[in-house]
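Just below is one structure, and these are the notes that go with it.
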Amino acid sequence: MAKPYDLRRYPGFFAITLLCLVILYAPLVVVAVYSFNDSPSITIWEGFSLRWYVDVFTGPESGKFKDAAWNSFIIAITAATTATIIATLAATAVLRAGKFRLRTVSIGLISLPLMVPEIVTAVATLIFFNAIAFERGVMTILLAHIAFCIPFAYMPISARMQGIEATYEQAAMDLYATKRQAFRRILLPLMMPGIVSGFILAFIISLDDFIITNFVKGAGVETLPTAIFGAVKQGIKPNIMAISTLLLAVSIVMVALSWFIGRRDPAEER
Amino acid sequence: MPQDTDIAIDVQGAVKRYGTFTALKTISLSIRDNEFFTLLGPSGCGKTTLLRMIAGFEDVTEGAIYLYGDEIDALPPYKRPVNTVFQNYALFPHMNVLDNVGFGLEMLGQSKSETRARAGEALEMVQLSQFAARKPSQLSGGQQQRVALARALAPRPKVLLLDEPLSALDLKLRKAMQVELKHLQLETGITFIFVTHDQEEALTMSDRIAVMSSGELQQLGNAREIYEQPRNVFVADFIGDTNLMQVTVDAVADGRAECHLGGAHRLTCDAVGGIGAGAKVHMSLRPERLFLSADPVDANSLKGRVREMIYIGTDIATIVDLDGGPQFTVRSSNSSRGNARVFEPGTEVAINMEQGAARLLID
């Protein structure tokens, strides 16, 4: 199969690939493997066990983790949903409303948060909530998450929309569909894979966020990342590895889902 | 205000400007009811812009467009009873063929059963009933084209707009579709407005043709008029092959103009209003209206030497250098019945012309 100039035939290709894969994935593999370790130590292997998974759900810290996980999921689902709706509308405005003043500025403003260091956003958000005397709690976390999720949801949605030719909507309007009907019946279904990817990306980003959450959360309110961080400060126990592995599993499932939906692409045709 | 029901589309002084660029310069034309009308011109001539203005995708900077007497230029596309076949078909990829064809009827508020029945009829008309459940991606280019046609015809528009719909098809299929389109137009009685840059396609299918270039209407007429009586240099050059010669008019008398075309070559042809003695103008001589002989047959014969012979299949083209003058292409039918005599390169020949073969053109 290999062609004369196939990348796979360059010297060192295999070794470099292997090295990269090891650096990327070895830590994750170690955490996942040791979460099944039947030992209170995090470095010495003493045989397979599910005791730390049982500990996560029933152990002394289980109440704390359950509350944090519940907060995390509620916030992630709400923030991702809201951000996806806003990003879809933004993409429609930027890509389908023709030329308007400040269009380029709008595009810049939407994606700028991706380039601002997260700590700056965190501090700024905290100062903002203090300035308007907004009491910190789940609500402040949710608002901050919606804000920083928008550009992540926007990217796949706008990329998808750019690939949809305007003639589809024109054809719909030529066939007596109003602008609204053309959007709902033609543009929205064609954009769906992008919207789903945007939602999943926003969901994972929100679920995983630590810095901003840590700044804007109220006392006693924890999400999974801040709860894990709190627990780690008292020393790493294998139950942390079990939680981390569970989180990893959720991420993998979400990404896989997004990939399969992306592959079932209705517009990849012709 | 035009109230004539014989006029399907009446374009009155339509102008289209994008900023400082003028895409259409004051176009006025009337398209008759039940007519196969073609807008023909090279890319960038404004033909597609005009079509999109009729469809409602471009607004009209100045002027007005009427559809059977009603002004439509301010209406959004979905309020105009015209449908378009797009160049890239624009079939909805997430819907099957039947839903694509039924979309317009559904949007018009037809019942589900009515929509299905009429979409089915439209599919039958283009012989694609067996593909109703397929997705557009599962069809060939020619089949997609026919689905696009059925989709645009299903709501029974008053006028059907076709934006270079055949340009993506290969030659054989294109020829077949040309015939099919013409049949569909006759069968449905719907006015067709067809946009193309292919002059042969335009000549074959159209009742009338509007030749356009750089945003202006150059000539409007049926195929024969456009081909045989081109109004200006652009039309003569764009439609078909021709020998385009720079000539000087020496004298005009009794409806005949005496011209010379470099060297000692002279010929007379029908005079054209507006072209007087002393004018330097162009002359068009269609290659198939010329014929070769060993000796001159009349006063209009020109003497030259054969440079090259090109075998085309149906025809033979002979390229002749005039002594001290321009080069001519002469075409003769490749048939034993024809009077075509084959002259080898290097032979001295005379170029003779049929009555009316030479036409003077305004620039």
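Couple of notes before you dig in:
- For segment A:1-98, a/c is not less than 1.5, where a ≥ b ≥ c are the root eigenvalues of the C-alpha gyration tensor, and a/b does not top b/c. That puts it in the oblate class.
- DSSP beta bridges confined to the protein assembly as shown are antiparallel in about 75 percent of cases.
- Folded to 0 to 90 degrees: helix B:171-188 orientation relative to chain B principal axis, Cα: 60
- Here segment A:55-153 is described by how far its Cα atoms reach on the three principal axes: 59, 29, 22 Å, from widest to narrowest.
- Whole-Hz couplings from phi, Karplus 6.51/-1.76/1.60, listed for segment B:15-25; x for Gly and Pro: 10, 10, 10, 10, x, 9, 8, 9, 7, 10, 9
- Axis angle, to the nearest 10 degrees, between helix B:112-125 and the longest C-alpha principal axis of chain B: 20 degrees.
- Sites B:E200 and B:H260, calculated FRET efficiency, Cβ-Cβ separation with R0 35 Å, nearest 0.05: 0.55
- In the protein assembly as shown, Rg over Rh equals 1.17, where Rg is the alpha-carbon radius of gyration and Rh the Kirkwood radius from pairwise Cα distances.
- For segment B:320-331, the Karplus equation 6.51 cos²θ - 1.76 cosθ + 1.60, evaluated at θ = phi - 60°, returns couplings of 10, 8, 6, 4, x, x, x, 9, 10, 10, 10, 10 Hz by residue, with Gly and Pro reported as x.
- Restricting the calculation to Cα atoms, segment B:265-332 yields a radius of gyration followed by a Dmax of 13.8, 42 Å.
- Reciprocal mean inverse distance between Cα atoms of segment A:163-246 - Kirkwood radius, Å: 16.6
- Beta bridges per DSSP, both residues in segment B:7-234: antiparallel share near 55 percent.
- Residues considered: B:G189, B:G69, B:G263. Largest GNM mean-square fluctuation over chain B, using C-alpha springs under 10 Å, is found at B:G263.
- Rounded percent of accessible protein surface that carbon and sulfur make up, chain B, 1.4 Å probe: 47
- Qualifying trypsin sites (Lys or Arg not before Pro) in segment A:89-156, DSSP loop, other Cβ atoms within 10 Å at most 12: A:K99, A:R101
- Most to least packed among B:239-250, B:48-59 [average Cβ atoms within 10 Å]: B:48-59, B:239-250
- For A:K99, the aspartates and glutamates whose Cα falls under 20 Å of its own Cα, not counting residues fewer than eight places away in the same chain, are A:E165, A:E169, B:E58, B:D59.
- Taking Cα atoms only, the orientation of helix A:224-233 departs from the longest principal axis of chain A by about 30 degrees.
- Model label points for A:Q162 and A:F260, set 7 angstrom from Cα along the Cα-to-Cβ axis, are 2.9 nm apart.
- Per residue, the Cα convex hull of chain A amounts to 207 Å³.
- Only lysines eight or more places from B:K172 in sequence, or on another chain, were considered; those with a Cα closer than 19 Å are B:K182.
- Sites A:T104 and B:Y18, calculated FRET efficiency, Cβ-Cβ separation with R0 22 Å, nearest 0.05: 0.65
- The equivalent ellipsoid of chain B has semi-axes of 47, 25, 15 Å, largest first, where each one is the square root of 5 times an eigenvalue of the Cα gyration tensor.
- Diffusion of segment A:120-171 by Stokes-Einstein, at 4 °C in a medium of 1.567 mPa s and with Rh set to the Kirkwood radius over alpha-carbon pairs, works out to 95 µm²/s.
- Alpha-carbon Rg/Rh ratio, for segment B:241-361, with Rh computed the Kirkwood way: 0.98
- The share of C-alpha pairs in segment B:140-271 whose separation exceeds 19 Å stands at 61 percent.
The values are calculated or read from the model by the stated rules, or taken from the named source; none is laboratory data. Source: prediction; values computed, not measured. No Cβ is skipped: glycine too gets one built from the backbone with ideal geometry, and neighbour counts run over all protein chains shown. Ligands, DNA and RNA are excluded from the accessible area calculation, which covers all protein heavy atoms including side chains. Shrake-Rupley method; radii C 1.70, N 1.55, O 1.52, S 1.80 Å.
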